[in-house]
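Before any comments, here is the structure.
No lab work stands behind these numbers, since they all come straight from the coordinates. Predicted model only: the values in this text are computed from it and were never measured. All Cβ positions, even for glycine, are placed from backbone atoms using ideal geometry, and neighbour counts span all protein chains on display.
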Amino acid sequence: MLQSCDTMQPQTNGTNGTMSSSILITGGAGYIGSHTVAVLLEASTPHELVVVDNLSNAHREQGQKKPESLRIVEELTGKNIHFYDADIRDAEKLSEIFNKHNIECVIHFAALKAVGESVDKPLEYYQVNISGTCTLFDVMRKHGVYKLVYSSSCTVYGEPRKLPIDEAHPTGLGLTSPYGKSKYFCEEIMKDICRSDPKWTVVSLRYFNPVGAHLSGRIGEDPAGTPNNLMPYISQVAVGRLPELQVFGNNYQTSDGTGVRDYIHVVDLAAGHERAVRLLQQPGASGFHAVNLGTGVGYSVLQMIKAFEEASGRKIPYKIVGRRPGDISENYADVSLSHRLLGWRATRTLEDMCRDTWRWQSAHPNGFKS
Ligand SMILES: NC(=O)c1ccc[n+]([C@@H]2O[C@H](COP(=O)([O-])OP(=O)(O)OC[C@H]3O[C@@H](n4cnc5c(N)ncnc54)[C@H](O)[C@@H]3O)[C@@H](O)[C@H]2O)c1
């Protein structure tokens, strides 16, 4: 029998006994998921929030029922989150959750996400990111739920043919990692199911580079092992967990020769999900919509280091090494569609991103683990 970590009773609105409408959030204990849960609760969403996460990349303290990230979000917001320790590949468990809650739409974050690891473990990546996603869609369909926000990535664009990259840019060409391909394949699957049945509405959010942390400094990015991404690497160097940063290449065609990326504050990104949920609820909404979530501005690795040194007051030792295979020189988003379709734009600056990352990292040198 499936147990949520709060109550075994179906959720009712307390007045006429009907079940409250819920949003199912897969992978909601992770970095972006937990910030999205926080933003939805802070925005007083009328929905109950139901999180499914198998804790493969989230930490739960011994003796606790909920993962640390969600336990803290409950503390910060004073609101309850329904949590299930479950795997998206487990159709039976998912079905029980759909039976228990009146799920209106799904935000699907759950995935494996380490690009390098995906090259060594392609099958694991395809099993979770593609098979798991298809299992979820099948369960949704069986329960008459056709509204979805999907976590996609600017990785689907491969090497940019023009900058800024807009959503009409070709996808799927020259993708080098199983991770990137899994995001592209899932988008193709979602396009097909939307074509097959107009009841489906999918907003596929193509994230650029999420960084930063909640303003409280109590939740943030907590990568397992050595970070793959620049910002958590820099912040672990700043806090003394790692000795120095390696900068991969300084001979790109950019202002200072180092790679340029579009970094977006995770709280802005989370707010984009809240807007996407609103879009799903609009009468007549239908079909597949891919939308970039970025700031439209690129910063180089050296600019990021300098901004982080200023925010933290710490020196970041670094060494220039050779380029990494598969890395591109420059990447930033055309964000006009997100303004038009979602009425959303990123408002937080690079200084905010560095300051908020540092607030989290300096207070939690070892992440969520006590
Ligand atoms: N962080 C980034 O830089 C970035 C960029 C682009 C896209 N994305 C996508 O955004 C989503 C969220 O990323 P994140 O950075 O928050 O990652 P994360 O690893 O912090 O969160 C993912 C969560 O999913 C859970 N999970 C993994 N496999 C699962 C399974 N089989 N069943 C149930 N739960 C499972 C993990 O335990 C984790 O809590 C992912 O789909 C990722 O591919 C992330």
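Which ordering of T349, T258 is given by a fewest-first count of other beta-carbon atoms within 10 Å?
Final ranking by Cβ density, sparse to dense: T349, T258.
Applying 1/(1 + (r/R0)^6) with R0 = 30 Å to the Cβ-Cβ distance of R195 and T45, what FRET efficiency is obtained, to the nearest 0.05?
0.50
Tabulate in residue order the Karplus-calculated ³J(HN,Hα) for segment 150-157, using 6.51 cos²θ - 1.76 cosθ + 1.60 with θ = phi - 60°, rounded to whole Hz; enter x for Gly and Pro.
10, 7, 9, 8, 5, 4, 4, 7
Of L136, P164, V50, which is farthest on the positive side of the dipole of segment 21-363, counting Cα position, with +1 on Lys and Arg Cβ, -1 on Asp and Glu Cβ, and the Cα centre as origin?
P164
Provide, as a two-decimal number, the C-alpha radius of gyration of segment 30-103 over 2.2 N^0.38 Å, N being how many residues it has.
Against the compact-globule rule of thumb, the ratio is 1.09.
Counting other C-beta atoms within 10 Å, which of R206, R195 has the fewest, and how do the rest follow?
Fewest to most other Cβ atoms nearby, the residues stand as R195, R206.
In whole Hz and in residue order, list the ³J(HN,Hα) couplings for segment 164-170 that follow from phi through the Karplus curve 6.51 cos²θ - 1.76 cosθ + 1.60, θ = phi - 60°; x for Gly and Pro.
Whole-Hz 3J(HN,Hα) from phi for segment 164-170: x, 8, 9, 6, 7, 4, x.
What does the convex hull of the Cα atoms of segment 21-363 come to per residue, in Å³, rounded to a whole number?
With only Cα atoms used, segment 21-363 gives 131 Å³ per residue.
Which Cα, out of I320, S336, T347, lies furthest along the positive dipole direction of segment 308-370 (beta carbon charges, K/R +1, D/E -1)?
I320
By count of other Cβ within 10 Å, fewest leading, how are M19, M140, M353, M304 ordered?
With the fewest neighbours first, M19, M140, M353, M304 line up as M19, M140, M304, M353.
Once amide H atoms are built 1.01 Å from N in the peptide plane, which residues 5 or more positions from F288, or in another chain, come under 5 Å H to H?
V202
Give the long-range amide H neighbours of E330: residues separated by 5 or more places, or on another chain, with amide H under 5 Å away, using H modelled in the peptide plane at 1.01 Å from N.
V260
Would you mind pulling out the separation of the Cα centroids of segment 31-64 and segment 120-181, in Å?
Using only Cα atoms, the two centres lie 22 Å from each other.
Which value, in debye to the nearest 20, describes the size of the charge dipole of the chain about its Cα centre when Lys and Arg Cβ atoms bear +1, Asp and Glu Cβ atoms bear -1, and nothing else is charged?
200 debye
Would you please give the residues with an amide H less than 5 Å from that of V247, counting only those at least 5 places away or on a separate chain, with H modeled from the backbone geometry?
Amide H neighbours of V247: K319, I320, V321.
Short version: ³J(HN,Hα) in whole Hz for each residue of segment 79-95, in order, from phi by Karplus 6.51 cos²θ - 1.76 cosθ + 1.60 (θ = phi - 60°), x for Gly and Pro, what are they?
After applying 6.51 cos²θ - 1.76 cosθ + 1.60, I find 10, 8, 10, 7, 10, 10, 7, 8, 9, 5, 7, 9, 4, 5, 5, 4, 4 Hz.
Of the DSSP beta bridges with both residues in the chain, give the percent that are antiparallel, rounding to the nearest 5.
Here the antiparallel bridges make up roughly 5 percent for the chain.
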